[in-house]
Amino acid sequence: MEYWLQQFIEILPDGTIYLLLLFLVAFAESLPVIGLLVPGSSLVVFAGFLVLHGKCSLTLLVAVTTCGALLGDTFSFWLGFYYGSKLLKLRNFQKHHNLVKRAELFFVDHGGKSIFFARFLGPIRGIIPFIAGLSGMSGRPFSVYAVISAILWGICYPGLGYWGGNSWQNAQSLSARFSLVVLIGLIATVLHYWIRRNFKKD
């Protein structure tokens, strides 16, 4: 084990406190505005990498990060549903007006699918559930998309770090490839939507 990694592991807390921190990372990344400041996905990938060095178990890590992501999305949705119009007037939201507007357009175009894809797209991860709540989306379809995306995120991102092996560089490379796959899937979905919409007009 590299010296820097050994030193880093030694300063990390153990047990429940460590799991609570990972939960809070996944939860905070799912919140509007706050999520922009938290590199949750990268930290969770790194946590998966640390499993190989005896820090936590992969099963616990997956369970904790999945719960954090799901509860974060749900809380973001709840904030939008009950307090969305008031929160948008706050200065922190005003500073990110363009991002909020892009998230609104993305949600309008793709509805429930936007909940799924946003989970894997950093800048709008915490905004889309908020916009869904603000727009009055029904809780049931939101929950379906949120649960599926949170489970996949909670498995994939710790898994990328774990399956990267003993090299952090390999884990980063796998993470980059996975992000590319998600991006390709998003582009395919947008293209399909565009073709259907224009075909119907004709």
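Data table
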{"quantity": "Percentage relative contact order, segment 1-157, counting C-alpha pairs under 8 Å, at least six apart", "calculated": "30"}
{"quantity": "Calculated from backbone phi, Karplus (6.51, -1.76, 1.60) coupling profile of segment 38-48 in Hz, x at Gly/Pro", "calculated": "10, x, x, 4, 5, 5, 6, 4, 5, 5, x"}
{"quantity": "Derived scalar couplings ³J(HN,Hα) [segment 114-125; Karplus, 6.51 cos²θ - 1.76 cosθ + 1.60; whole Hz; x for Gly, Pro]", "calculated": "5, 4, 5, 5, 4, 4, 10, 10, x, x, 9, 4"}
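Coordinate-derived values only; no laboratory data. Bear in mind the structure is a predicted one, so any value in this text is a computation, not a measurement.
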